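The values are calculated or read from the model by the stated rules, or taken from the named source; none is laboratory data. Given the structure is predicted, the values throughout are model-derived calculations rather than measurements. Cβ placement follows ideal geometry from the backbone for every residue including glycine, while neighbour counts extend to all protein chains displayed.
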Amino acid sequence: MTLSNKLVRIESLLMIVALLSSASILGCSSTASLPPLVEDETAPQIPGKFVWHNLITNDGEAARTFYGELLGWKFDVKKDGRYSVITYRGHNIGGILDASKDENPPESGRWLSAISVANLDDSLAALNAAGGKQVDAPINVSGVGRVVTIEDADGALLHLLASEHGDPPDGEPTHNSWIWHELLANHADKAVAFYEAAFGYQSEPLEAKPSGEYRVLISAGAPRAGIINNPFESTRSTWIPYLRVEDPAALAERASALGGTVVLAPNPDLRDGNLALILDPTGAPVALQKWSRKEEEGASL
């Protein structure tokens, strides 16, 4: 199968129903409680950094089993079973929201990532001015901060999070934790302009793609995400989160054995064979990326 044919299979993962009632960290609750993002309560905020990740799913138990066996993640399941905090090597890295009992349960899982903002109200005003829109009411998460789900000017969903006690510091990500985010944008130029205007990102073309077809979003002096044109005309813009792994090919095979789907196996023609794209058993897409600083210097997309 050619690479282009494999990419066509990704279309299925982008046909995800956006259920607004279950898009926030703990559903429609106006208040909630979660562990803090950082142990040091004096840690600074890092606006523009992706600091949290929520899996919205119709089968929380299946998701926990899959990611636990695939990546060694652990889970702190809250008393009602609806929300689980994901932990890895002693750090909280995300959550799983089981929306199966909601009025309109999701047809398929999806990951929603949260970017840090300094002030939620100011960011919502900037969001509206730049052409985005607020999806639900902000909720107060005790120990964490205020969070809201938004839609960017090109239709992609994500969270905004204004932390109470700062954000996790920048540093090299460990294996089996988050490393990158890419927006498949229906109108990439429009999306770049939106993130610059709404959240103060700078954008630069990737060195390996000086034509500008791949744009890197930068905040606080560090690259945070990439924006590329969505290859599928009939699907909405979508954020795809990336996990750093040691061996994407082996992990993709393991994902398949655990009930996931390999949408894109590593291919030497794409990012030097260091990328796999999978669906978990609940249908949520996630990318598996082998990465090191040395490989990054000579990598090509």
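Yes or no, residue by residue, for (1) in the same structural domain as residue 233 (by TED's automatic domain parsing); (2) among the aromatic types (Phe, Trp, Tyr); (3) in contact with a strand residue (DSSP E or B) (Cβ under 8 Å, 6 or more places away or on another chain); (4) surrounded by fewer than 17 Cβ atoms within 10 Å (Cβ to Cβ):
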position: 104; (1), (2), (3), (4): no, no, no, yes
position: 110; (1), (2), (3), (4): no, no, yes, no
position: 118; (1), (2), (3), (4): no, no, yes, yes
position: 121; (1), (2), (3), (4): no, no, no, yes
position: 137; (1), (2), (3), (4): no, no, yes, yes
position: 145; (1), (2), (3), (4): no, no, yes, no
position: 155; (1), (2), (3), (4): no, no, no, no
position: 159; (1), (2), (3), (4): no, no, yes, no
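Strands (runs of 3 or more DSSP E) fully within segment 63-146 that include at least 1 residues being of a type in the set (Val, Ile, Thr) and more than 19 Å from the chain's Cα centre (by Cα): 74-77, 139-142. A search for C-beta distances below 6 Å between a residue of segment 253-274 that is modelled with pLDDT of 95 or more and any residue that is part of a loop (DSSP other than H, G, I, E, B), counting only pairs 6+ apart in sequence or on different chains, returns 259/281; 260/280; 260/281. Screening residue 151 against (1) more than 14 Å from residue 199 (Cα to Cα); (2) under 16 Å from the mean Cα position of the chain (by Cα); (3) surrounded by fewer than 21 Cβ atoms within 10 Å (Cβ to Cβ); (4) not assigned by TED's automatic domain parsing to the domain that holds residue 220 leaves a single unmet condition, (1). Considering segment 221-253, and only residues there that are of a type in the set (Phe, Trp, Tyr) and not in a loop (DSSP other than H, G, I, E, B), the residue that is surrounded by the most Cβ atoms within 10 Å (Cβ to Cβ) turns out to be 239. Applying a threshold of 8 Å to beta carbon distances and a minimum spacing of six or more residues, or different chains, the list of pairs starting in segment 190-207 at a residue that is within 15 Å of residue 158 (Cα to Cα) and modelled with pLDDT of 95 or more and ending at one that is outside any strand (DSSP E or B) and among the polar types (S, T, N, Q) reads 191/237; 198/123; 199/123. Restricted to segment 125-135, and to residues there that are of a type in the set (A, V, I, L, M) and either in contact with a helix residue (DSSP H, G or I) (Cβ under 7 Å, 6 or more places away or on another chain) or in the same structural domain as residue 240 (by TED's automatic domain parsing) (or both), the residue that is surrounded by the most Cβ atoms within 10 Å (Cβ to Cβ) is 127.
Taking segment 110-132 as the range and being more than 27 Å from residue 287 (Cα to Cα) and touching a residue at least 12 places away in the same chain (Cβ under 8 Å) as the test, the residues that pass are 118, 119, 120, 123, 124, 126, 127, 129, 130, 131.
All of 88, 83 fail the test of being over 15 Å from residue 198 (Cβ atoms) and either touching a residue at least 60 places away in the same chain (Cβ under 8 Å) or in the same structural domain as residue 243 (by TED's automatic domain parsing) (or both), apart from 88.
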